[in-house]
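The values are calculated or read from the model by the stated rules, or taken from the named source; none is laboratory data. Quantities reported herein were computed from a predicted structural model and do not represent experimental measurements. Neighbour counts run over all protein chains shown; Cβ positions are idealised from the backbone, glycine included. Surface accessibility is based on the protein's heavy atoms, side chains included, excluding ligands, DNA and RNA. Shrake-Rupley method; radii C 1.70, N 1.55, O 1.52, S 1.80 Å.
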Amino acid sequence: MKRRLAVLAALSTLVVAALASTAGTGTAATDASQAVSCSKRLKVAMITPVTGGGGFIGQEQVTWAKFAVKNLAKKTYGLNVQLVVGDTPVEKGPGEALVVAQKFIADQSVVAIIGPATSGGVASASQALAAAGLAHISPSATRTSLTKGSKLEATKFFFRVVPGDYIQGPTDANYMVDKLKADKVVLVDFQEPYSVGLADAAEAVLKRKGVSTTRLSTSVNTTDFSSLVTRVPSDADVVFFPTQQPADAQTFGTQMREQGKRAVMFGGDGANSPSAFKIPGSYVSNFAPDISGIPTSRALIAGWQKDNPSLKLGSFGPPSYLAVQVALNAIKRACTAGKGQIKDRKDVFRNVKRIRVNPSILGGTFRFSTKSNDPLNAKFYIFQIQSDGSYKLVS
Amino acid sequence: MDETTPLLQLEGINTYYGQIHILQDSNMVIREGELVCLLGGNASGKSTTLKTILGIVRPRTGTVSLNGEDVTRVPTAHRIKRGMAIVPENRRLFGPMTVRENLEMGAYLRPKADLREEFDRVYELFPLLYERRSQLAGTLSGGEQQMVAMGRALMSKPKLLLMDEPSMGLAPVLVERSFEIIKQVNDAGVAMLVVEQNANVSLSIADRGYVLSTGRIVLEGRAEDLLENEDLRKAYLGR
Amino acid sequence: MDTFVQLTLNGLTLGSVYALIALGYSLVYGILKLLNFAHGDVFMVGSFIGFGVLQLLGGATDPVLPLWPLLIVITVSAMAGCAVLGVVIERFAYRPLRDAPRIAPLISALGVSFFLAYSMQVLFGAEQRDYDAFSLDNGKLFLSGFDIGNVRVPLLRIVIIVAAFLLMIVLWLLVTRTRTGKAMKATSYDREAAAMMGIDIDRVIVVAFVLGSALAGAAGVLFALRAPTFPAIGFLAGLKGFTAAVIGGIGSVPGAMAGGLILGFAEAYTQGYISTKWSDLLVFVILIGFMIFRPQGLFGRPDIKKV
Ligand SMILES: Nc1ncnc2c1ncn2[C@@H]1O[C@H](COP(=O)(O)OP(=O)(O)O)[C@@H](O)[C@H]1O
Ligand SMILES: [Mg+2]
């Protein structure tokens with residue numbers, strides 16, 4: 001009986017796989033048949049939340065992507081490129097990225113995608129984008145399993161110009177040990193993949209280095225942390241709370257002060273928001289540096305600031321410039337190889353991995369790792385919150 | 001025939017619960033100071049008649065007039081203000097509230113200033129209620145509850161008191177006592193419409209009576225005439 | 001010992017907020033026998049009104065009013081706004097269904113709940129809103145106060161607990177001492193008999209919604225002074241308020257107060273002594289446990305027979 005079931009299962013898997021593969025080649029074939037001329041206007045499409053709760057991230061990204069197209073497309077690559085933006089409010093869930101992606105897939109003049117911005121968006125849209133041969137380069141999706149591990153959540157058409165969380169957790173932990181000389185660390189997670197993953201990664205490193213750790217865990221809807229704070233030992237040095245809501249880190253920090261706990265708050269990239277998390281002396285990590293200190297980026301910052309006079313330089317935006325730069329470069333190469341034509345959007349994809357950018361807006365030389373579609377030697381950056389509320393790069 | 005405007009008049013009343021036609025072409029008159037009883041078997045529409053008079057249910061057609069004024073579309077509160085009150089079937093006291101609070105609810109529409117006077121009047125009529133004033137109504141005996149229900153109704157100083165089966169569930173001695181009180185209140189000038197299944201006792205104190213059968217008034221007349229009426233006797237013996 | 005004192009303080013703070021929410025559930029249930037599932041969302045709207053008014057008044061970092069008037073203004077605006085919201089909900093979502101089968105207003109309540117949560121999300125986004133009360137008077141609300149042993153009882157906690165208890169006492173007086181309050185009690189016990197006394201049932205129901213919603217609005221502000229709020233918070237807040245009401249005996253005003261405190265303590269002690277993981281689950285367990293084994297709650301009479 002069991003055996004029969006196993007056989008049946010195997011058979012049905014085969015059937016499904018076969019169907020899937022024909023479906024895949026089917027779409028690819030129709031896509032490939034429509035070549036686009038590089039002398040016509042090409043489109044680069046961005047998938048990111050510009051409205052809703054995560055809107056502040058997307059809006060910052062769009063300003064940098066627009067600036068990159070304006071600055072590079074004609075002048076550097078001789079391309080006529082238009083940036084189009086698909087809004088994926090986080091409130092609509094990760095599935096919205098797929099809905100938006102379908103629209104761009106149908107538009108043959110879209111030859112590369114910037115995004116999706118969120119890891120959930122990448123996981124939901126990557127299959128469809130891959131089937132259409134579209135490279136998608138994210139400036140902000142850091143979930144480890146998008147590029148690494150046995151259960152990949154994205155396809156090989158996915159690239160990111162910022163490092164994954166597999167670097168963030170250890171970076172943060174090492175900083176606590178090496179720079180903050182922490183002996184006792186409390187880790188708090190929210191029982192959802194982002195914070196559990198980061199807390200796990202950091203805790204493993206801390207334990208290996210002989211730091212005593214306490215793990216607390218609460219439901220993601222909790223916003224009053226009083227009784228968790230009560231559990232923080234009074235001699236704890238650091239509380240690591242990788243929340244995606246900066247206000248939570250702020251609340252945890254104020255409630256620690258209220259209860260006289262001296263531990264320092266340490267948040268991940270999710271807590272990175274100078275308007276919401278602003279307890280002096282706290283730390284946050286981020287996938288991008290504060291580029292204001294990078295000499296080779298100064299002219300770019302000035303150019304962007306001229307286009308966006310009312311905005312303040314943040315750290316979410318500049319990676320979008322880099323992502324667009326990589327995409328334009330790959331499009332240019334595809335056009336050259338295709339003698340003024342992109343016969344198949346896959347031609348753009350094939351070139352992405354080869355791109356090098358020197359100097360990168362994020363500093364140093366940018367290139368992809370040979371092992372995965374992650375940046376080579378990318379780092380996470382650690383900021384300390386200053387008494388005036390600004391974030392200062394400390395590593 | 002009396003020439004003055006009646007205190008209460010029902011004309012061509014048809015009352016429905018949803019699609020069910022309950023009161024059918026009811027006509028009824030109560031004059032000031034009268035004691036009228038409304039007789040009828042179970043489910044004949046006696047309570048519905050009282051609810052129609054009070055405005056708890058609205059008739060589909062017909063008019064209810066109070067002192068010659070059409071109050072058919074007027075809400076219950078206004079009718080009570082104009083001098084109606086009810087002792088509902090099964091008394092319907094507010095169990096978890098004290099006797100005093102129950103009485104206070106009876107005077108819900110009276111100005112606060114008059115409250116003292118009303119309490120005095122009711123406590124005088126029912127001295128026992130004064131003793132029990134802080135007790136929860138739900139903990140009282142049946143007879144005591146009947147007093148609270150009457151006292152509560154009298155708190156609004158009604159000119160017309162509607163009573164729905166006041167003797168129901170009471171021991172025989174209490175029934176008697178209850179009718180004594182009804183008489184006493186009536187003698188003080190309050191007109192009454194008393195719903196009863198117990199025809200003999202109620203007719204013996206009433207001035208006039210109506211008999212309801214499946215929503216229709218089938219008989220009406222002076223109490224002593226009704227007491228003699230063969231049909232009525234038959235109807236009640238037949239049940 | 002310090003831990004115990006601190007957890008008790010945590011429980012008291014949370015519990016007084018839960019009690020305020022529970023009161024609204026109980027008032028409305030008492031009279032309409034309706035589980036007003038939108039009540040938690042009224043709490044949420046209250047916390048947002050408080051947030052909005054605080055921003056209009058310059059925000060926590062640069063307020064145009066001194067501390068105490070500021071706190072009173074935001075609390076009172078939230079209470080007023082929620083009272084109006086409660087009246088609107090009653091008028092349009094519940095009154096038309098007054099005589100419908102009981103499932104109908106229940107579904108309507110769920111609909112209102114979703115409507116409020118999602119419209120707030122569309123209008124203001126899903127992200128958390130922080131009053132940033134720490135910035136008021138340089139953290140005075142959090143840092144000043146008195147000590148019990150080594151535990152600081154901060155000013156803000158005192159404000160929350162005292163305000164909640166004051167509101168509960170006011171409600172208690174309204175319900176037990178005023179004629180309208182007694183009419184509410186009479187109506188909740190026997191609606192038709194109350195109508196026969198000339199009590200305007202519609203008005204009593206509106207009053208219950210006004211009082212309950214205003215308390216929810218106050219609870220929203222008191223909660224959000226310590227912890228961020230967001231559009232989806234109403235569901236959990238409503239669940240906790242409902243559980244508190246069930247613990248105390250739904251429909252019972254003192255029961256709601258006690259139930260709120262008990263739930264607050266249960267949550268704080270569980271998080272502090274057992275595990276932070278399970279505290280939300282605990283709420284469900286308590287709720288289900290009471291529904292099965294003691295549906296009348298701790299203080300409810302097992303439904304005295306109507307007399
Ligand atoms: N609220 C109601 N809804 C529907 N039917 C009702 C309602 N109240 C009473 N009835 C029906 O109306 C009829 C008359 O009832 P009622 O006036 O209470 O009779 P009585 O008081 O003479 O016993 C009965 O058949 C009863 O079932
Ligand atoms: Mg009857």
When you scan segment B:101-113, how many residues do you find that are more than 9 Å from chain C (Cβ to nearest Cβ) and touching a residue at least 40 places away in the same chain (Cβ under 8 Å)?
2
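Matching residues to (1) away from ligand 1 (no atom under 16 Å from the Cβ); (2) within 14 Å of chain C (Cβ to nearest Cβ):
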residue: B:Leu8; (1), (2): yes, no
residue: B:Gly18; (1), (2): no, yes
residue: B:Arg31; (1), (2): yes, no
residue: B:Asn42; (1), (2): no, no
residue: B:Gly45; (1), (2): no, no
residue: B:Thr61; (1), (2): yes, no
residue: B:Leu93; (1), (2): yes, yes
residue: B:Val99; (1), (2): yes, yes
For C:Met44, only one of the following conditions fails: (1) surrounded by fewer than 23 Cβ atoms within 10 Å (Cβ to Cβ); (2) within 14 Å of chain A (Cβ to nearest Cβ); (3) of a type in the set (A, V, I, L, M). What is its number?
(1)
Considering each residue of segment C:265-282, count those that are in a helix (DSSP H, G or I) and at the interface with another protein chain (Cβ under 10 Å from one of its Cβ atoms), and give that number.
10
Please list, ordered by first then second residue, the pairs with beta carbon atoms under 8 Å, 6 or more apart or interchain, first in segment C:159-172 and open to solvent by 80 Å² or more (accessible area, probe 1.4 Å), second part of a helix (DSSP H, G or I).
C:Trp172/C:Val253; C:Trp172/C:Pro254
Failed condition for C:Ala60, given (1) part of a helix (DSSP H, G or I); (2) within 14 Å of chain A (Cβ to nearest Cβ); (3) surrounded by 17 or more Cβ atoms within 10 Å (Cβ to Cβ)
(1)
For segment C:1-12, which residues satisfy the criterion of being touching a Ser or Thr at 6+ places or on another chain (Cβ under 7 Å) and of a type outside the set (A, V, I, L, M, F, W, C)?
C:Thr3, C:Gln6, C:Asn10
Just a yes or no: is a residue in segment A:188-205 facing another protein chain (nearest Cβ under 9 Å) and at pLDDT 95 or above?
yes
Identify, by number, the condition in (1) open to solvent by 20 Å² or more (accessible area, probe 1.4 Å); (2) over 16 Å from C:Gly40 (Cα atoms); (3) assigned to a helix (DSSP H, G or I) that C:Gly251 doesn't meet.
(3)
Among (1) within 18 Å of the chain's Cα centre (by Cα); (2) more than 16 Å from ligand 1 (Cβ to nearest atom), there is one condition B:Glu165 misses while meeting the rest; what is its number?
(2)
Answer with yes or no whether C:Glu90 is in a loop (DSSP other than H, G, I, E, B) and within 23 Å of the chain's Cα centre (by Cα).
no
Going by the conditions given, is B:Ile205 more than 29 Å from B:Leu115 (Cβ to Cβ) and either among the β-branched types (Val, Ile, Thr) or without any contact (Cβ under 8 Å) to a residue 60 or more places away in the chain (or both)?
yes
Is it true that A:Thr336 is part of a helix (DSSP H, G or I), open to solvent by 50 Å² or more (accessible area, probe 1.4 Å) and within 25 Å of A:Lys379 (Cβ to Cβ)?
no
Can you tell which of C:Ala194, C:Ala208, C:Ala224, C:Ala214 is in contact (Cβ under 8 Å) with a residue 24 or more places away in the chain, open to solvent by less than 10 Å² (accessible area, probe 1.4 Å) and under 20 Å from C:Glu90 (Cβ atoms)?
C:Ala208
What's the number of the only condition in (1) open to solvent by less than 10 Å² (accessible area, probe 1.4 Å); (2) within 14 Å of chain C (Cβ to nearest Cβ); (3) within 16 Å of ligand 1 (Cβ to nearest atom) that B:Ala153 fails to meet?
(3)
Note on segment B:32-56: residues away from ligand 2 (no atom under 15 Å from the Cβ) and surrounded by fewer than 17 Cβ atoms within 10 Å (Cβ to Cβ) are B:Glu32, B:Gly33
Taking B:Ala191 as meeting all but one of (1) on the phi < 0 side of the Ramachandran plot; (2) open to solvent by less than 10 Å² (accessible area, probe 1.4 Å); (3) more than 14 Å from every other protein chain (Cβ to nearest Cβ); (4) within 16 Å of ligand 1 (Cβ to nearest atom), write down the number of the exception.
(4)
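Residue-by-condition table, conditions (1) closer than 30 Å to A:Leu187 by Cα; (2) within 25 Å of the chain's Cα centre (by Cα):
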| position | (1), (2) |
| --- | --- |
| A:Pro274 | yes, yes |
| A:Ser285 | yes, yes |
| A:Ala288 | yes, yes |
| A:Gly293 | no, yes |
| A:Gln341 | no, no |
| A:Lys346 | no, yes |
Tell me which residues, restricted to segment C:134-158, are surrounded by 20 or more Cβ atoms within 10 Å (Cβ to Cβ) and more than 30 Å from C:Asp62 (Cβ to Cβ).
C:Val151
Being within 13 Å of chain A (Cβ to nearest Cβ) and surrounded by fewer than 21 Cβ atoms within 10 Å (Cβ to Cβ) is the requirement here; does C:Gln128 meet it?
no
Identify the residue in segment B:194-231 that is open to solvent by less than 70 Å² (accessible area, probe 1.4 Å), more than 16 Å from ligand 2 (Cβ to nearest atom) and among the β-branched types (Val, Ile, Thr) and, among all such residues, is farthest from B:Leu154 (Cα to Cα).
B:Val201
Counting only residues that are open to solvent by 20 Å² or more (accessible area, probe 1.4 Å) and out of contact with any helix residue (DSSP H, G or I) (no Cβ under 7 Å at 6 or more places or on another chain), segment C:69-108 contains a total of 18
Does A:Ser145 satisfy the condition of being touching a helix residue (DSSP H, G or I) at 6+ places or on another chain (Cβ under 9 Å), within 30 Å of C:Tyr118 (Cβ to Cβ) and either of a type in the set (S, T, N, Q) or open to solvent by 10 Å² or more (accessible area, probe 1.4 Å) (or both)?
no
Which of the following residues is assigned to a helix (DSSP H, G or I), modelled with pLDDT under 95 and more than 14 Å from chain C (Cβ to nearest Cβ): A:Ser315, A:Ser297, A:Ser285, A:Ser310?
A:Ser297
